[in-house]
Amino acid sequence: MVRCLAFCLLLVGLLSPSAAHNKSLSFSDWFWDGRDLHVSFTAPARDVTLLPEVLTSQGLAQALSLHVEKHMRLQQANSRCGLTRGFESAPAHRDYVRVTARYSCFDESKAIEIHNHAFFNLARSHVHFARLSLQENPELEGTEILFTATQRMHRISLNADGTIASSTTFGENFASHFWLGVEHIVTGFDHLAFVFCLLLIGGTRKQTLLLITGFTLGHSITLALAVLGIVSANSQAVEALIGFSIAVVAAERILARNHLMPVTGMVAAACFFALSLVFTIMDGGFGLGVWAGLTLFCLAYGYSVTTQDDSLKLAPLITLAFGLIHGFGFAGLLSDIGLPPDNVVSALIGFNIGIEIGQLLVFVPLVVLGPYLLEELPTPPIKWADIAALVLTVFGVFLFVSRAFI
C-alpha cells in the first residue's frame, strides 16, 4: 500500500503544467483562381539561417527561395503542377523572410495535392500554417490547414458552394504515424534500454513477455490520455524519470540478489530528500511533488524487495508503473510534432501500433539471442548479464542527472 501511494504521489507531481516548447514555425498564404495557385511563404529569419542553402546563396531570401522550391511540390491527377514563376523575395515584417511564386495546374475541376517538406527535415517539431482562399487577399477569408512532420500532404478541392476543402484519408494519417512510432522506438535509445532491462529481470521468456505486456499497457494508457488532452505532464520530469526507471530496473537485478535493496533505497531516498530541500529553496527543479514521490518510492520499494523472489513478484507491477511514465515521453513527441485536428484517432492508433511493432522488432531478437549472448562463462567466471545491468544502471543515472540538472 505504501509503495502504491508513493508512486501515485510521484505521478501527481509529474502532472504539473509543463514548460512550453518553442516550436519552429512557418506560414503561407495561397490564392487559387481555379487554375493557378499564387503562394506567399514566410519564415522567421533565425530559422532561415539554419538552412543548408544559406552557404550557397547571396541572402536569406534567395536561400529560402531555393529551399522551398526544392521541398514544395504540387500535384494534380498524378501530374506535377508547373512552377510558372519561381520563388522570389517579397516585403516582409521585421525578423521574417518572405518569398512568393506561382504554380499552374492543368484542370480546374480536379483536386490538387500540396506536398510540403520545407524545414521538416531540419526540425522534427516544425509546424507550417497555410491559409487558402479564392480571394486575392487570403488573410481576409480562407481555409486554414496545418502541415506537420507526419502530415506533409494536404489535398484541396473546390466545394459546390465555391469554398476550398482540404482532406486527407484515415489510411494516410494512420500510415504516417505508424512509421513515426516504429522509428521512435527503434531509434529511441532510452526506451530500448528499458526494454533490455526487462529482458535482464524477466528470467523466463514467459515472464519477460508478461513484463513487456505490462509496459505496453502502461504507456498506452498515458499516451492516449496525454494526446487527448485529459492529462499533461512536466516534460523535463518525464525525461528524467525515464532515466530513473532504467537505473532502478537494471540495478535491481544485482541489488536484490545480494539483499542490498533496503540499504540502497534508504541512501537514494536521503539523496532525493536533500535535493528536494535544495531545489525548494532555489525555487527550481521539478517541484516538491516529484521529489517527495521519488523519496517515498525509494524507501517503499527498497523495503518491499528484500530478495530476488520479491523482485520477480513485483516486476509486472513496476513495469506497468514505469510504462505510465514512458507513455508521457511518447506523448511528448506527438505534442512537439502536432496532431492532425481532424484525424486524431487515426494518428493515435497508428502511432501506438507503430510503437508496438517497433518493440517486437527489438524484443524478438533479444529474447531469441539473449540467453546465448548473456551466458555465463565458467573459465574465467564472467556474468555478462551483471555487466549489462551495471552498464544500464550507469546509463540510467546519467540520463536522470543530465535531464534533471543540466
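The values are calculated or read from the model by the stated rules, or taken from the named source; none is laboratory data. Treat the numbers as computed from the prediction; the structure is a model and nothing was measured. As a convention, Cβ positions derive from the backbone with ideal geometry for all residues, glycine included, and neighbour counts pool all protein chains shown.
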Q: Restricting attention to helices (runs of 4 or more DSSP H) lying wholly within the stretch 166-251, give those where 3 or more residues are polar (S, T, N, Q) and touching a residue at least 40 places away in the same chain (Cβ under 8 Å).
A: 205-227
Q. Only one residue in LEU60, LEU50 is surrounded by fewer than 18 Cβ atoms within 10 Å (Cβ to Cβ), aliphatic (A, V, I, L, M) and farther than 23 Å from SER133 by Cβ. Which one?
A. LEU50
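For the stretch 296-322, which residues satisfy the criterion of being in contact (Cβ under 8 Å) with a residue 60 or more places away in the chain and surrounded by 20 or more Cβ atoms within 10 Å (Cβ to Cβ)?
LEU296, PHE297, LEU299, TYR301, SER311, ALA315, ILE318, THR319, ALA321, PHE322, listed by residue number.
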Q | Tally of residues being in contact with a Leu (Cβ under 6 Å, 6 or more places away or on another chain) and over 21 Å from HIS93 (Cβ atoms) across the stretch 40-72 | A | 1
Q. When residues of the stretch 295-320 are filtered for being under 28 Å from the mean Cα position of the chain (by Cα) and either farther than 25 Å from THR222 by Cβ or in the same structural domain as PHE215 (by TED's automatic domain parsing) (or both), how many remain?
A. 6
Q.
I need every pair where a residue in the stretch 125-137 that is assigned by TED's automatic domain parsing to the domain that holds ARG155 and more than 18 Å from PRO44 (Cβ to Cβ) has its Cβ under 7 Å from the Cβ of a residue that is at pLDDT below 85 and not in a strand (DSSP E or B), sequence separation at least 6 or different chains.
A. LEU132/PRO138; LEU132/GLY142; SER133/GLU141; SER133/GLY142; LEU134/GLY162; GLN135/GLU141
Q | Residue identified as at pLDDT 70 or above and closer than 19 Å to LEU211 by Cβ among GLY396, GLY370 | A | GLY396
(Q) Looking only at residues that are out of contact with any helix residue (DSSP H, G or I) (no Cβ under 6 Å at 6 or more places or on another chain) and either of a type in the set (Gly, Ala, Ser) or assigned by TED's automatic domain parsing to the domain that holds THR208 (or both) in the stretch 271-286, which one is farthest from LEU314 (Cα to Cα)? (A) GLY284
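Considering only the stretch 52-67, state which residues are over 18 Å from SER28 (Cα atoms), touching a helix residue (DSSP H, G or I) at 6+ places or on another chain (Cβ under 7 Å) and not β-branched (Val, Ile, Thr).
Across the stretch 52-67, the qualifying residues are GLU53, SER57.
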Q: Select, from PHE87, PHE106, the only residue that is surrounded by 14 or more Cβ atoms within 10 Å (Cβ to Cβ) and of a type in the set (Phe, Trp, Tyr).
A: PHE87
Q.
With the requirement that a residue be within 16 Å of VAL127 (Cα to Cα) and under 28 Å from the mean Cα position of the chain (by Cα), what does the stretch 28-49 give you?
A. SER28, PHE41, THR42, ALA43, PRO44, ALA45, ARG46, ASP47, VAL48
**Q.** Pair list, Cβ < 8 Å and 6+ apart or interchain, from the stretch 389-406 residues that are in a helix (DSSP H, G or I) to residues that are among the charged types (D, E, K, R)
**A.** ALA389/ARG253; LEU399/ASP190; LEU399/GLU239; ARG403/GLU239
Q: Run GLY265 past the list (1) small (Gly, Ala, Ser); (2) surrounded by fewer than 20 Cβ atoms within 10 Å (Cβ to Cβ); (3) without any contact (Cβ under 8 Å) to a residue 40 or more places away in the chain; (4) more than 18 Å from ALA404 (Cβ to Cβ) and report the number of the one that doesn't hold.
A: (2)
Q: Looking for whichever is of a type in the set (A, V, I, L, M, F, W, C), within 30 Å of the chain's Cα centre (by Cα) and in the same structural domain as SER220 (by TED's automatic domain parsing) here; the options are ALA292, ALA250, ALA268. Which one fits?
A: ALA250
Q: State all residues of the stretch 58-79 that are assigned to a helix (DSSP H, G or I) and of a type in the set (S, T, N, Q); if no residue qualifies, say none.
A: GLN62, SER65
Q: State whether one or more residues within the stretch 71-81 are in the same structural domain as ARG102 (by TED's automatic domain parsing) and without any contact (Cβ under 8 Å) to a residue 12 or more places away in the chain.
A: yes
Q: Go through the stretch 156-185 residue by residue and tally those that are buried (at least 17 other Cβ atoms within 10 Å of the Cβ) and at pLDDT 80 or above.
A: 9
